[in-house]
Amino acid sequence: MKLPEIKNTDKYIDLYIVDFGDKSGVGFTADEVAELLESEKFKDVKVYRIYKTYPDGKMELKGVPNEIFQLEAGMFFYETDESSARSDYKKLTDSAVKTAPPARAKVHLAKYNDGKFAVALIFPAEYNDQISRWLLALDYKTKGAAEGGIEAVKRYYADKPEILERHQLFDQRQIESLTDAELLAATKRAVVR
């Protein structure tokens with residue numbers, strides 16, 4: 001894969017490179033990659049996330065499996081009593097209002113049949129690293145056990161806990177996604193933005 005020479009590489013951290021086979025494009029957002037992968041024409045492209053850059057234009061990349069863009073990941077914070085769980089839920093939703101997450105997400109306050117409670121934070125799987133960093137930056141802590149990942153979301157849906165409260169979080173849109181026509185045109189460029 002041949003990449004163009006990039007200046008100001010730090011603005012490309014957490015963006016994606018798409019290898020179309022005969023050419024590559026640098027600077028796609030996760031939403032744009034997901035949209036490309038939904039099309040028949042681009043379903044087999046290779047995708048890399050830019051996770052570190054250097055002043056000389058070099059970038060460290062991490063290959064991303066295409067199917068990750070169709071999955072949900074999550075973080076689940078468990079408590080044994082409703083009062084603690086409600087406090088955790090309020091702390092997370094209040095924090096998200098002050099500092100928006102890097103991606104759209106949903107938060108549930110859920111009660112399981114065995115009496116335990118959970119605050120469920122569910123988001124597109126391609127944002128797992130960014131959501132983790134966001135939670136660390138918020139210094140979000142709970143007293144109970146925690147787990148996360150794609151499989152945890154699958155278990156949560158299979159368990160069908162009672163949802164006591166729900167809240168939709170909206171992302172801190174720093175880069176506007178390209179429209180359909182702009183996205184299609186961007187697949188022909190080496191540098192998308």
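The values are calculated or read from the model by the stated rules, or taken from the named source; none is laboratory data. Keep in mind it's a predicted model, so treat the numbers as computed, not measured. Here the Cβ positions follow ideal geometry from the backbone for every residue, glycine too, while neighbour counts run over all protein chains shown.
Taken together, the criteria place V26 among residues that are of a type in the set (V, I, T) and assigned to a strand (DSSP E or B).
Of the residues making up the stretch 165-193, those that are closer than 17 Å to G74 by Cβ and not in a loop (DSSP other than H, G, I, E, B) are E165, R166, H167, Q168, L169. Could you count how many residues in the stretch 121-149 are more than 19 Å from D171 (Cα to Cα) and buried (at least 21 other Cβ atoms within 10 Å of the Cβ)? Total meeting the criteria: 0. All of (1) touching a residue at least 24 places away in the same chain (Cβ under 8 Å); (2) surrounded by fewer than 21 Cβ atoms within 10 Å (Cβ to Cβ); (3) not in a strand (DSSP E or B) hold for L61 with one exception: (3). Scanning the stretch 148-181 for residues that are among the charged types (D, E, K, R) and under 27 Å from Y16 (Cβ atoms), which turns out farthest from the chain's Cα centre (by Cα)? Checking each candidate, the answer is D180. Just one of the listed residues (K91, K41, K23) is out of contact with any strand residue (DSSP E or B) (no Cβ under 8 Å at 6 or more places or on another chain), basic (K, R), touching a residue at least 40 places away in the same chain (Cβ under 8 Å) and not assigned by TED's automatic domain parsing to the domain that holds L136, namely K23.
Take the conditions (1) without any contact (Cβ under 8 Å) to a residue 60 or more places away in the chain; (2) surrounded by 14 or more Cβ atoms within 10 Å (Cβ to Cβ); (3) closer than 20 Å to K91 by Cα; P161 misses just one of them, which is (3). Name the residue that is farthest from D14 (Cα to Cα), counting only residues in the stretch 118-140 that are in a helix (DSSP H, G or I) and either more than 11 Å from the chain's Cα centre (by Cα) or in the same structural domain as G63 (by TED's automatic domain parsing) (or both). It comes out as L138. Taking the stretch 92-117 as the range and being closer than 16 Å to I150 by Cβ and assigned to a strand (DSSP E or B) as the test, the residues that pass are A105, K106. Report yes if E162 is within 17 Å of R104 (Cα to Cα) and either acidic (D, E) or assigned by TED's automatic domain parsing to the domain that holds D14 (or both), otherwise no. The answer is no for E162. Of the candidates A73, A118, A105, the single residue that is under 16 Å from Q172 (Cβ atoms), of a type in the set (A, V, I, L, M) and crowded, with 22+ Cβ neighbours inside 10 Å is A105.
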